[in-house]
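J.: Got a structure for you, questions after.
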Amino acid sequence: MPNALHAALDVDPGYRAAVSAMPTLREAKEIARYRKDYPLNNYGPAEAEVQAMGLPLSQGQVLFHGGAWPGSAPPSPGMSFVTPSILSTSLCPQVAGVHACTDKQRNGASTSLWMLRVANGSTTPAFAFNPSRRQTHGHEREILLSKGALITCIGVEMRETMPLIFADLL
């Protein structure tokens, strides 16, 4: 599946335009540092670059994230939160699933696979990494969302090993 997804993205004019609009990692030094040295103690400089260099995503765009829903309560429809820092997402559900499983093994925390849909009117800046510019992790098709994104749970389904969270990105 990832190979078919990557092949489709490589010829999609919208995706090609989005990654072409992004500066190189030489120009986005703090974003490059975030990617190379994750996790950092201070995301502030990378957050500032995503705010300055990122662009809003298209309405209906679907992204995936693997990790824990914030707070102590399990996610349920209508619950929202604002991202306290940048949030790494992927266009590939398999990549997000691997991240969710890795986090669960490393931290023992309850993790989920999130499916985020960009809502109508979203202005959240996002940085789309260009996989063809010799960047590490190009296979992830990563999209970095800026701090302050509003994410609202619209549904949860239990799957074999973890919940699947459906959410809107405002």
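The values are calculated or read from the model by the stated rules, or taken from the named source; none is laboratory data. Just so it is clear, the structure is predicted and the values come from calculations on it, not from any experiment. Cβ placement follows ideal geometry from the backbone for every residue including glycine, while neighbour counts extend to all protein chains displayed. Quick note on the areas: whole protein, heavy atoms, side chains included, nothing else; ligands and nucleic acids left out. Shrake-Rupley method; radii C 1.70, N 1.55, O 1.52, S 1.80 Å.
J.: I need every pair where a residue in region 140-159 that is over 30 Å from Ser20 (Cβ atoms) has its Cβ under 7 Å from the Cβ of a residue that is in a strand (DSSP E or B) and open to solvent by 60 Å² or more (accessible area, probe 1.4 Å), sequence separation at least 6 or different chains.
T.: Here the result reads Thr152/Ser80, each pair linking region 140-159 to a residue that is in a strand (DSSP E or B) and open to solvent by 60 Å² or more (accessible area, probe 1.4 Å).
J.: With the requirement that a residue be under 20 Å from Leu91 (Cβ atoms) and either open to solvent by less than 50 Å² (accessible area, probe 1.4 Å) or among the basic types (Lys, Arg) (or both), what does region 25-45 give you?
T.: Leu25, Ala28, Ile31, Ala32, Tyr34, Arg35, listed by residue number.
J.: Which residue, of Ala126, Ala100, is closer than 22 Å to Ile154 by Cβ, at pLDDT 95 or above and buried (at least 18 other Cβ atoms within 10 Å of the Cβ)? Don't jump to the end; show me each part of the working.
T.: Details: Ala100 fails: at pLDDT 95 or above.
Exactly one of Ala126, Ala100 is closer than 22 Å to Ile154 by Cβ, at pLDDT 95 or above and buried (at least 18 other Cβ atoms within 10 Å of the Cβ), namely Ala126.
J.: Among the residues of region 62-93, which ones are part of a strand (DSSP E or B), buried (at least 21 other Cβ atoms within 10 Å of the Cβ) and among the hydrophobic types (A, V, I, L, M, F, W, C)?
T.: Answer for region 62-93, where residues must be part of a strand (DSSP E or B), buried (at least 21 other Cβ atoms within 10 Å of the Cβ) and among the hydrophobic types (A, V, I, L, M, F, W, C): Leu63, Phe64, Leu87.
J.: Taking the residues in region 129-151 that are crowded, with 20+ Cβ neighbours inside 10 Å and farther than 16 Å from Ala28 by Cα as candidates, determine which candidate is modelled with the highest pLDDT.
T.: Only one residue fits best here, namely Ile151.
J.: For region 154-170, which residues satisfy the criterion of being part of a strand (DSSP E or B) and out of contact with any Gly (no Cβ under 7 Å at 6 or more places or on another chain)? Show your work before the answer.
T.: Within region 154-170, the first condition is being part of a strand (DSSP E or B), and the residues that meet it are 154-158, 163-169.
The answer is Ile154, Gly155, Val156, Glu157, Met158, Pro163, Leu164, Ile165, Ala167, Asp168, Leu169.
J.: Listed residues Leu40, Leu25; which is outside any helix (DSSP H, G or I) and modelled with pLDDT of 85 or more?
T.: On the way: Leu40 fails: modelled with pLDDT of 85 or more.
One residue alone meets the criteria, Leu25.
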